[in-house]
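> Structure in structure tokens, see below.
The values are calculated or read from the model by the stated rules, or taken from the named source; none is laboratory data. What you see is a predicted model, and the numbers here were worked out from it, not measured in a lab. Don't worry about glycine lacking a Cβ; one is built from the backbone with ideal geometry, like all the others, and counts go over all protein chains shown. Note: areas computed on protein heavy atoms with side chains; ligands, DNA, RNA excluded. Shrake-Rupley method; radii C 1.70, N 1.55, O 1.52, S 1.80 Å.
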Amino acid sequence: GLLKTGDLSLFAARVELDPQRNTFKAEGFIRLETSTLSGTASSVTYDAESGVMELRGANLYDRRRGLYLQGEEMTLSPDGALTLKNSAITTCPYDVPAAWRLSTSELTLKADDLAVAWNPVLSIGPMPVLWLPVMVWPTVQERRTGFLPPEISEDGSSLARLDLGLRLKAPVFINLGLEHDLTLVPEFIKRRAPALGFEYNYAFR
């Protein structure tokens with residue numbers, strides 16, 4: 001059936017409405033669309049009074065943040081905050097072989113665009129390259145440890161030693177204190193082995 005409420009449009013094989021609780025549950029071949037999200041899920045529960053939507057087995061694209069999202073469980077709040085459990089996010093379509101992705105046990109994308117990830121593992125293609133216990137991004141007001149925007153380039157040359165092909169960098173900023181910091185740069189190089197670069201900065205007072 002097709003269901004529309006507010007800015008949510010949802011198609012599913014089966015939709016059950018509970019007028020007493022003012023909720024509905026959808027299952028089977030679900031496709032959903034809101035003003036910022038679109039994608040699929042295996043089940044959706046929506047509470048019309050609180051505006052909270054819970055999804056299972058979801059694959060979504062967040063147009064506002066430019067993120068592809070996968071998660072066993074997702075909770076979307078009316079203010080736009082999104083909580084994902086056992087999830088993966090990326091800015092690359094999942095069918096790109098060298099795509100980077102960040103897998104987490106729990107991830108919160110807050111309405112103010114601050115993200116908090118627990119047990120994040122950064123993978124480039126099929127290879128995990130970095131683990132952190134917790135990560136917060138983007139940098140807001142004060143410097144915080146977190147990922148910087150990935151960099152994608154193509155290096156071609158008639159000289160074999162310079163013909164590197166696709167290069168994908170996923171820099172990580174590490175705040176070591178008020179006067180110094182470290183940036184790690186894991187890199188996938190198509191025609192070479194994976195690489196790791198770094199940059200250390202110290203500001204003399």
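> Comparing Gly51, Gly39, Gly156, which has the greatest mean-square fluctuation in the GNM of the chain with Cα pairs linked when under 10 Å apart?
Fluctuation is largest for Gly156.
> Using unit Cβ charges (K, R positive; D, E negative) and no other charged atoms, how large, in debye to the nearest 20, is the dipole of the chain about its Cα centre?
Here the chain has a charge dipole of around 480 debye.
> Might you tell me the accessible area per residue for the chain, computed with a 1.4 Å probe and given in Å²?
Details: 11810 Å² over 205 residues.
Dividing the accessible area of the chain by its residue count gives 58 Å².
> Determine Rg/Rh for the chain; Rg is computed over alpha-carbon atoms and Rh is the Kirkwood hydrodynamic estimate from the same atoms.
On the Cα set of the chain, Rg over Rh gives 1.07.
> Specify which residue in the list Thr75, Trp131, Ser42 is farthest towards the positive end of the charge dipole of the chain, using unit charges on the beta carbon of Lys, Arg (+1) and Asp, Glu (-1), about the Cα centre.
My answer, from the dipole projection, is Trp131.
> Assign one of three labels to region 1-121, namely rounded, prolate or oblate, based on the Cα gyration tensor with a ≥ b ≥ c the square roots of its eigenvalues; rounded applies when a/c is under 1.5, prolate when it is not and a/b is larger than b/c, and oblate otherwise.
Prolate.
> Got a number for carbon plus sulfur as a percent of the chain's accessible area, 1.4 Å probe?
Carbon and sulfur atoms account for 55 percent of the accessible area of the chain.
> Please name whichever of Leu162, Ser105, Ala195 sits farthest to the positive end of the charge dipole of the chain, dipole taken about the Cα centre and charges placed at Cβ: Lys and Arg +1, Asp and Glu -1.
Farthest towards the positive end: Leu162.
> Give the distance, in whole Å, between the Cα centre of region 148-184 and the Cα centre of region 24-92.
Distance between centres, Cα-based: 32 Å.
> Now a separate question. Indicate the gyration tensor shape class of region 1-68 (rounded, prolate or oblate), computed on the Cα atoms with a ≥ b ≥ c the square roots of the eigenvalues: a/c under 1.5 is rounded; otherwise a/b larger than b/c is prolate and the rest oblate.
Details: a/c = 2.00, a/b = 1.46, b/c = 1.37.
It is prolate, given that a/c is not under 1.5 and a/b is the larger ratio.
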